Amino acid sequence: MLHNDQLAQWDRENFFHPSTHLAQHARGETATRIIRTASGCHIEDRDGVRLLDAFAGLYCVNVGYGRQQIAEAIAAQAKELAYYHSYVGHGTEASVTLSKMILDRAPSNMSKVYFGMGGSDANETNIKLIWYYNNILGRPKKKKIISRWRGYHGSGIVTGSLTGLELFHKKFDLPVDQVIHTEAPYYYRRADTSQTEAQFVAHCVAELEALIAREGADTIAAFIGEPVLGTGGIVPPPRGYWPAIQAVLKKHDILLIADEVVTGFGRLGTMFGSDHYGIEADMITIAKGLTSAYAPLSGSIVSEKMWSVLERGTDENGPIGHGWTYSAHPIGAAAGVANLKLIDDLNLVENAGKVGAYLNKTMHEALGDHPNVGEIRGEGMLCAVELVKDRDPRTFFDAANKIGAQVSAALLGEGVIARAMPQGDILGFAPPFCLTNAEVDEVVGKTVKAVNAVLPAGA
Ligand code: PLP
């Protein structure tokens, strides 16, 4: 076995890590953590350090680590048939079964699922299919996509453009012209703090209407949104947001993509975030929770309304010119089947709702009065603690102080992983669905210690 020092050296010399400060890492100023194993909600590194992972990897290991049923399904599939493609009507028992399992769980207007590898490529697929759809309908101008500031939809060229976070655009020449952004439904950060929640929703609607009027509805194909903003700060929408936004989209014949990469398969305590908020999407993006990240797999679920037009398109133009080598990869599909079965067998959607409610309640009780906690918010098994310099008047810390990162580092020192969200001083929690109430108590207790260590007397 290699020494940890040797691995750390090779890591710095050879490994280009995603979402990492490259120069600091190469210079050895940031930690290299080599993970060796994991079980339940805990991961363990090569130094034997055991950590409670309250972010489920990247909110993806929803069933928890070390599930033998999924590992065995993957192994059995690899032994029997590691790969065959899914072009021109080919498939495997696993991919056909998984398509049916997904459609059985999805909202009733959904018709088919196209498989990819990750959330980014699934959203790229969505945009291409929507452009194709409008071309078949004879609307070649109707192509722009509206996304929200603080939305996260991936890191590709179009999907990185859809993502509404500065770091993902800066120096990458993004966003591309076809992507335009509107107001984030982020009530706590509303510009006009005198607005009530209802007034703020009306403001978001007015902003959307104004954007559509400026651009012309005949140039706008779709609106994409996560049911709950994820990477942008873990922000549940203000009450009434989704019905109000959907009414505008319907009026202007603009399709809706629900990006359920984080919320799909139970994170909000319902199978889909769309069920939770009454979202009637034309496409749904799924990834992470589809396999609980035991193997890479994503999907674009297409509604019947779109499917009938896509079918017509191929009658007129020949086979759909869109395919990945690894679409419906048998190992990913086998992992997906085993994962969805496990979620059902262990009632994990219900557990996510119940334990998530306990997490949010306990966090409120423990930190709700802290002078540097501006807001504690969440839904299902998602929770965020937003740190502020002052609660009243609401004053944010200077970003350069990296308060969120300092608190998450202090929490790591206590043995708990929470994520410092990339924009704002926001501590994010998105644990596996198998989290217990006792583990919630540990997470919350240690979070209090970490917050107090960095912000002792209301810094
Ligand atoms: N959409 C949402 C809502 C996400 O949170 C993510 C990733 O975090 C993506 C899309 C992109 O998925 P991936 O990183 O698998 O490409």
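The values are calculated or read from the model by the stated rules, or taken from the named source; none is laboratory data. Note that this is a predicted model, so its numbers are computed, not measured. Every residue, glycine as well, gets a Cβ built from its backbone with ideal geometry; the counts of neighbours run over all protein chains shown.
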**OP:** Give just the number: which of (1) over 16 Å from L435 (Cα atoms); (2) at pLDDT 95 or above; (3) surrounded by fewer than 21 Cβ atoms within 10 Å (Cβ to Cβ) does I70 not satisfy?
**Re:** (3)
**OP:** Can you tell me which residue among L412, L435 is in a helix (DSSP H, G or I), in contact (Cβ under 8 Å) with a residue 60 or more places away in the chain and out of contact with any Pro (no Cβ under 7 Å at 6 or more places or on another chain)?
**Re:** L412
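Here's the yes/no breakdown for (1) assigned to a helix (DSSP H, G or I); (2) at negative phi:
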position	(1), (2)
F115	no, yes
I127	yes, yes
I130	yes, yes
R139	no, yes
R150	no, no
G160	yes, yes
F172	no, yes
P185	no, yes
**OP:** Please specify each residue of the range 282-294 satisfying the condition of being within 13 Å of the ligand (Cβ to nearest atom) and either of a type in the set (K, R) or within 30 Å of Y133 (Cα to Cα) (or both).
**Re:** M283, I284, T285, I286, A287, K288, G289, L290, T291
**OP:** Identify, by number, the condition in (1) on the phi > 0 side of the Ramachandran plot; (2) buried (at least 21 other Cβ atoms within 10 Å of the Cβ); (3) away from the ligand (no atom under 16 Å from the Cβ) that Y65 doesn't meet.
**Re:** (1)
Subject >> V88, sole failed condition from (1) in a loop (DSSP other than H, G, I, E, B); (2) more than 16 Å from the ligand (Cβ to nearest atom); (3) out of contact with any Cys (no Cβ under 8 Å at 6 or more places or on another chain) >> reply: (1)
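Yes or no, residue by residue, for (1) free of Cβ contacts under 8 Å to residues at least 24 places away in the same chain; (2) out of contact with any strand residue (DSSP E or B) (no Cβ under 6 Å at 6 or more places or on another chain); (3) within 11 Å of the ligand (Cβ to nearest atom):
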| residue | (1), (2), (3) |
| --- | --- |
| G116 | no, no, yes |
| S120 | no, yes, yes |
| E124 | no, yes, yes |
| L129 | no, yes, no |
| N134 | no, no, no |
| K142 | no, no, no |
| I146 | no, no, no |
| G154 | no, yes, yes |
Subject >> Test: residue in the range 186-204 that is within 16 Å of the ligand (Cβ to nearest atom) and either without any contact (Cβ under 8 Å) to a residue 60 or more places away in the chain or more than 22 Å from V385 (Cα to Cα) (or both) >> reply: yes
**OP:** Go through (1) part of a loop (DSSP other than H, G, I, E, B); (2) surrounded by fewer than 16 Cβ atoms within 10 Å (Cβ to Cβ) and name the single condition F397 misses.
**Re:** (2)
**OP:** Please list, ordered by first then second residue, the pairs with beta carbon atoms under 6 Å, 6 or more apart or interchain, first in the range 283-300 and closer than 13 Å to L58 by Cβ, second hydroxyl-bearing (S, T, Y) and within 11 Å of the ligand (Cβ to nearest atom).
**Re:** A287/S298
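Residues are listed down the side, and each one gets a yes or a no for (1) assigned by TED's automatic domain parsing to the domain that holds P236; (2) of a type outside the set (D, E); (3) within 16 Å of the ligand (Cβ to nearest atom):
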| residue | (1), (2), (3) |
| --- | --- |
| P296 | yes, yes, yes |
| K305 | yes, yes, no |
| G318 | yes, yes, no |
| I331 | yes, yes, no |
| T362 | no, yes, no |
Original post:
In the range 251-270, which residues are outside any loop (DSSP other than H, G, I, E, B) and under 17 Å from I145 (Cβ atoms)?
Top reply: L255, L256, I257, A258, D259
**OP:** Give me a count of the residues in the range 19-44 that are within 30 Å of Q68 (Cβ to Cβ) and free of Cβ contacts under 8 Å to residues at least 40 places away in the same chain.
**Re:** 10
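Given the structure, is G40 at positive phi, within 16 Å of the ligand (Cβ to nearest atom) and surrounded by 15 or more Cβ atoms within 10 Å (Cβ to Cβ)? Talk me through it step by step, then tell me what you get.
Numbers: at positive phi: yes; within 16 Å of the ligand (Cβ to nearest atom): no; surrounded by 15 or more Cβ atoms within 10 Å (Cβ to Cβ): yes.
Answer is no for this residue.
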Original post:
Restricting attention to the range 53-61, does a residue exist that is at pLDDT 95 or above and part of a strand (DSSP E or B)?
Top reply: yes
Subject >> Matching entry among T231, T193 (being outside any helix (DSSP H, G or I), outside the structural domain of E386 (by TED's automatic domain parsing) and within 23 Å of the chain's Cα centre (by Cα)) >> reply: T231
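Please state which one of L346, L435, L387, L411 is buried (at least 24 other Cβ atoms within 10 Å of the Cβ), of a type in the set (A, V, I, L, M) and more than 22 Å from the chain's Cα centre (by Cα).
Details: L346 fails: buried (at least 24 other Cβ atoms within 10 Å of the Cβ); L435 fails: more than 22 Å from the chain's Cα centre (by Cα); L387 fails: more than 22 Å from the chain's Cα centre (by Cα).
Only one candidate qualifies: L411.
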